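These notes concern the structure reproduced below.
The values are calculated or read from the model by the stated rules, or taken from the named source; none is laboratory data. Because the structure is predicted, anything quoted here is derived from the model rather than measured. Neighbour counts are summed over all protein chains in view; Cβ atoms, including those assigned to glycine, are modelled from backbone coordinates with ideal geometry.
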Amino acid sequence: MGRRVIAEGLGTFFLVLVGPGAVMVDAHTGGTITHVGVALAFAFVVIAMIYALGHLSGAHINPAVTVAFWSVGRFPSSQVLPYLLAQCAGAAVASGLSRLALGTPGQMGATLPAVSLAAAFGAEWLMSFALMFVVMAVATDERVAAGFAPLAVGLTVGFCALVGGPLTGASMNPARSFGPALVGGLWAGHWLYWAAPITGMLAAARLYDLLRHATPPSVAAASEPLGVQGRIS
């Protein structure tokens, strides 16, 4: 399990270094990256990390994804806490390095609501639901072409960042929000960046599992992208 935990920390480290880092660079350079560029940065780093680390840990790089897989019996209970700790640690280290390099431009890429808390919660919930529904579809269906999962998941993240970024920061990932909040001391509305992604992804995983009505794979597949495993008895 050690290498899986390290891979999760490393993947989340690069996600937060590149994603929120792009927001910081954009602010530092007067908007040279642009909002579209930031959304693409998130999409590309997610795609890259799933390709690079999927065979090691599944590349969840998101506590809400890990919890959602566990909730439908596709991830062992014993690995949930180590994964979550590694993901949050990787995010915190990435934000710390970004602050050392650039200071705090763009509020360190922190996810801060630009709308009411209710609207922000709703937006984060819906984006998280959509992301997890795609994750379940490409990671649990044997009919999906090999190598397709990283593209589908990364493009979904990018699309949500493009549309939802100006409203909430389009987190969909508690660790992604935790790193900048911890290092920058930016905790406004932080609770919703845990509550909305986790509950949204729990709902999506459960719904997809109910809709599919197919026998899940019986062989654990932690070496596959997104680390889906057979049901844990």
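For this structure, a couple of remarks:
- Residue check for GLY58: within 22 Å of ALA89 (Cβ to Cβ), at pLDDT below 95 and not β-branched (Val, Ile, Thr): yes
- Residues located in segment 66-93, provided they are surrounded by 19 or more Cβ atoms within 10 Å (Cβ to Cβ) and either farther than 20 Å from GLY109 by Cβ or among the aromatic types (Phe, Trp, Tyr) (or both): THR66, VAL67, ALA68, PHE69, TRP70, VAL72, ARG74, PHE75, GLN79, TYR83, LEU84, ALA86
- A Cβ distance below 8 Å, combined with a sequence gap of six or more or placement on separate chains, defines the contacts here; from segment 23-45, residues that are within 20 Å of ARG99 (Cα to Cα) reach residues that are hydrophobic (A, V, I, L, M, F, W, C) and outside any helix (DSSP H, G or I) in the pairs VAL25/ILE33; ASP26/ILE33; ALA41/ILE33; PHE42/ALA170.
- Criterion: of a type in the set (Gly, Ala, Ser), over 21 Å from LEU202 (Cβ atoms) and part of a loop (DSSP other than H, G, I, E, B) - qualifying residue of GLY30, GLY54: GLY30
- Complete set of residues in segment 160-170 that are buried (at least 17 other Cβ atoms within 10 Å of the Cβ) and in a helix (DSSP H, G or I): CYS160, ALA161, LEU162, GLY164, GLY165, THR168
- Within segment 164-176, residues that are under 16 Å from PHE13 (Cα atoms) and modelled with pLDDT of 95 or more have Cβ atoms under 7 Å from residues that are of a type outside the set (Gly, Ala, Ser) and not in a helix (DSSP H, G or I) in these pairs: SER171/THR111; ASN173/ASN62; ALA175/ASN62, counting only partners at least 6 apart in sequence or on another chain.
- Criterion (over 29 Å from ARG206 (Cβ atoms), out of contact with any Pro (no Cβ under 8 Å at 6 or more places or on another chain) and in a helix (DSSP H, G or I)) met by exactly one of VAL38, VAL80: VAL38
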